[in-house]
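K.L.:
There's a structure below that I have some questions on.
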Ligand code: FES
């Protein structure tokens, strides 16, 4: 008889405890991985391995850097940020539909250009890198 009354209580208690643990655990994050340093590499934009960058809105991760093609009118423009989220290090992806970088794990959103966190739980901005295009060569550097 006692177990019959205990079961509904546990049904609600266990998810409640799980939620509290997740929230408290979340508050201890945001230490963030350091953004990669000494970044300086080039990509051949004609290479098939970099074909994700052949169209406006394309993106790819390489060397722990997220590279995004975000054209301005007729000009090819590229942006680069650290690939991992500053909250709990999940790999980020570019949402071309709203020009933001999204983390799939807890829903953070970051600004493509500045790396600023637009929506938490992350607080720390992304490390950003310079880019330059010379012919078909894209350079990503600090
Ligand atoms: S790791 Fe959770 S929002 Fe990025």
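K.L.:
Checking the conditions here, which among 138, 126, 83 is within 13 Å of the ligand (Cβ to nearest atom) and within 22 Å of residue 44 (Cα to Cα)?
P.N.:
83
K.L.:
Of the residues 129, 94, which single one is in a strand (DSSP E or B) and within 19 Å of residue 39 (Cα to Cα)?
P.N.:
Among 129, 94, only 129 is in a strand (DSSP E or B) and within 19 Å of residue 39 (Cα to Cα).
K.L.:
Answer yes or no as to whether residue 25 is outside the structural domain of residue 128 (by TED's automatic domain parsing) and either surrounded by 11 or more Cβ atoms within 10 Å (Cβ to Cβ) or at pLDDT below 85 (or both).
P.N.:
yes
K.L.:
Which one of these does residue 93 not meet: (1) more than 12 Å from the chain's Cα centre (by Cα); (2) within 16 Å of the ligand (Cβ to nearest atom); (3) modelled with pLDDT of 95 or more?
P.N.:
(1)
K.L.:
Just checking, which of 120, 107, 73 is free of Cβ contacts under 8 Å to residues at least 40 places away in the same chain, surrounded by fewer than 17 Cβ atoms within 10 Å (Cβ to Cβ) and more than 16 Å from the ligand (Cβ to nearest atom)?
P.N.:
Sole residue among the options that is free of Cβ contacts under 8 Å to residues at least 40 places away in the same chain, surrounded by fewer than 17 Cβ atoms within 10 Å (Cβ to Cβ) and more than 16 Å from the ligand (Cβ to nearest atom): 73.
The values are calculated or read from the model by the stated rules, or taken from the named source; none is laboratory data. Quick caveat: nothing in here was measured; it's all calculated off a predicted structure. When we count neighbours, we look across all protein chains shown, and the Cβ atoms used for this are built from the backbone with ideal geometry, even at glycine.
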